[in-house]
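Okay, structure first, notes after.
Just so it is clear, none of the values below were taken in a lab; they were calculated from the coordinates. Keep in mind that what you see is a predicted model, and the values were worked out from it rather than measured. Note that we place each Cβ from the backbone using ideal geometry, even for glycine, and neighbour counts take in every protein chain shown.
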There are 2 protein chains.
Amino acid sequence: MAQGNLYIISAPSGAGKSSLISALLKDNHKMKVSVSHTTRSPRPGEVEGEHYYFVSVEQFEQLIDNDVFLEYAKVFGGNYYGTSLPMIEKSLAQGIDVFLDIDWQGAQQIREKVPDVKSIFILPPSLVELERRLIGRGQDSEEVILDRMAKAQDEMSHYTEYDYVVVNDDFEQALTDIRHILSAEQLKTRTQSLRYQGLITELLAK
Amino acid sequence: MAQGNLYIISAPSGAGKSSLISALLKDNHKMKVSVSHTTRSPRPGEVEGEHYYFVSVEQFEQLIDNDVFLEYAKVFGGNYYGTSLPMIEKSLAQGIDVFLDIDWQGAQQIREKVPDVKSIFILPPSLVELERRLIGRGQDSEEVILDRMAKAQDEMSHYTEYDYVVVNDDFEQALTDIRHILSAEQLKTRTQSLRYQGLITELLAK
């Protein structure tokens, strides 16, 4: 029985992480992105169970007490966001790789609880390109843009905590890189020992 | 500056390791197989520096004293075989992946000296296929074949000491698997930090 791997994928805003994840989800490779719980209200177009599980503060705190979350945080503004464990474990047992789309702080929490989690950090191809993407349509004040830049640099300064680094210069190449990581991780001895349990028993039988 | 990775590749006789290595050497991917030193005489067709470095027992023992070998062994019959470090280091510094085609005992010696060596174990697709390959042309005695089988099983019993396991059922798939391993290892944070030193310094500059 194949076993899926759990991945953390982090990036500064503007590195193209969401587009990469969307493209990966279209692959034949068995993978899914973990859906987080949140206490904030759904925005127009957001679908329960697809973008988030929308719960009340009381429900969220009950889930905390029940130790359901792999990681959670209360963000500026008072809303909770969290990653629940039971659904992840179910997918992994079905041989599905699960992606957690979280920042370096969430990543640190996950690593403590799941030491064998794999993590990928996406970097933009240049400072000019990062600034261009952070400036966006040019309708924001310089202060807002400087704040975004500081946040991006703060996120990037944690790249060394990750197992893999993918530079999103050429989109297709970055996609190929991530596919090779997923493929190689499936070839790790622990995973292969489970997948080929029958063969290995046969080969080693005296 | 890119940095190559050092790989150990082991397999029982009959798993197809040599064919896989030959095919990989034809790739564009920068890789080479380490050439061992030996004290045995060249066989017809063997080329100095390509198949082996042929040296005398005195020369070999001098190289041992100079601590040139990553691993070496004196095999049944009294001949020495060894893997020398300086040429490997030169290739790695040039961004070339180096393969060591050795058995589990050599692998254990290497791991002690080079903790971040990566290792790949090749398994045959079935016991029937392994036996078929070990029987060969059917001209050997049952005793010889049983001895080969015992040796193959002894080698395979060490597969758990390796980082990756590739099952050589479909040759092209096994080749693809190894290519993905090489690619993913090049995406590890330590290697990428060296390759993208300039970019990372630029992205993190305040």
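Quick rundown of the values:
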{"read-out": "For residues of B:42-51, the mean tally of beta carbons on other chains within 10 Å", "value": "0"}
{"read-out": "Rounded FRET efficiency, nearest 0.05, which uses the C-beta distance separating B:R40 from A:D169 and R0 of 60 Å", "value": "0.75"}
{"read-out": "Cβ neighbours within 10 Å from other chains - mean over A:189-202", "value": "4"}
{"read-out": "Burial ordering of A:L182, B:L194, fewest other beta-carbon atoms within 10 Å first", "value": "B:L194, A:L182"}
{"read-out": "Volume in Å³ per residue [convex hull over Cα atoms, computed for the range B:13-57]", "value": "101 Å³"}
{"read-out": "Two-site FRET efficiency, A:V47 against B:E131, from Cβ-Cβ distance with R₀ of 51 Å, rounded to 0.05", "value": "0.40"}
{"read-out": "Mean shadow area of the range A:35-95 over all directions, Cα convex hull, nm²", "value": "4.6 nm²"}
{"read-out": "Extreme residue, positive dipole direction of chain A, given options A:V68, A:P125, A:Q3 (C-beta unit charges)", "value": "A:Q3"}
{"read-out": "Under the span-like rule (Cα at least 18 Å along the axis, Kyte-Doolittle mean at least 1.6), DSSP H helices of chain B", "value": "none"}
{"read-out": "For the range A:77-150, with +1 on Lys and Arg beta carbons and -1 on Asp and Glu, the positive-most of A:P115, A:L134, A:P86 along the dipole", "value": "A:P86"}
{"read-out": "Once the Cα gyration tensor of the range B:138-179 is diagonalised, semi-axes √(5λ) in Å", "value": "27, 16, 5"}
{"read-out": "Set of the range B:108-135 residues, backbone N closer than 20 Å to the point 7 Å along the Cα-Cβ line of B:I145", "value": "B:124-135"}
{"read-out": "For A:K206, B:K17, B:K113, order by how many other beta-carbon atoms lie within 10 Å, fewest first", "value": "A:K206, B:K113, B:K17"}
{"read-out": "Inter-label distance, nm, simple model (7 Å from Cα along the C-beta direction), A:S193/A:Q59", "value": "4.1 nm"}
{"read-out": "Fraction of the pair-distance distribution of the range A:110-206 above 23 Å, Cα-Cα pairs, percent", "value": "50 percent"}
{"read-out": "For residues of B:169-179, the mean tally of beta carbons on other chains within 10 Å", "value": "1"}
{"read-out": "Label point 7 Å beyond Cα of B:D116 along Cβ direction - residues of the range A:153-182 with amide nitrogen under 14 Å", "value": "A:160-165"}
{"read-out": "Inter-copy label distances at A:E142 (7 Å, Cα→Cβ; nm, one decimal)", "value": "9.1"}
{"read-out": "Taking only Cα atoms of chain A, radius of gyration then Dmax in Å", "value": "18.9, 74"}
{"read-out": "Loop-located GluC sites (Glu not before Pro) in the range A:1-83, at most 14 other Cβ atoms within 10 Å (DSSP)", "value": "A:E46, A:E50"}
{"read-out": "For B:T160, label point 7 Å along C-beta direction: distances to other copies, nm", "value": "3.5"}
{"read-out": "B:T201, A:T39, A:T83, B:T176 arranged by Cβ crowding within 10 Å, fewest neighbours leading", "value": "B:T201, B:T176, A:T39, A:T83"}
{"read-out": "Residue of chain B whose Cβ sits closest to the axis mapping B onto A, with distance in whole Å", "value": "B:A184, 2"}
{"read-out": "Listed residue pairs exceeding 19 Å between alpha carbons, taken from A:K113/A:K188; B:K30/B:K90; A:K188/B:K188", "value": "A:K113/A:K188"}
{"read-out": "Gyration tensor (alpha-carbon) shape descriptor, the protein assembly as shown, a/c threshold 1.5", "value": "prolate"}
{"read-out": "Position A:E129, label points 7 Å along Cα→Cβ, spacing to each other copy in nm (shortest first, one decimal)", "value": "4.1"}
{"read-out": "Lys, Arg +1 and Asp, Glu -1 on Cβ, resulting dipole of the protein assembly as shown about Cα centre, debye, nearest 20", "value": "440 debye"}
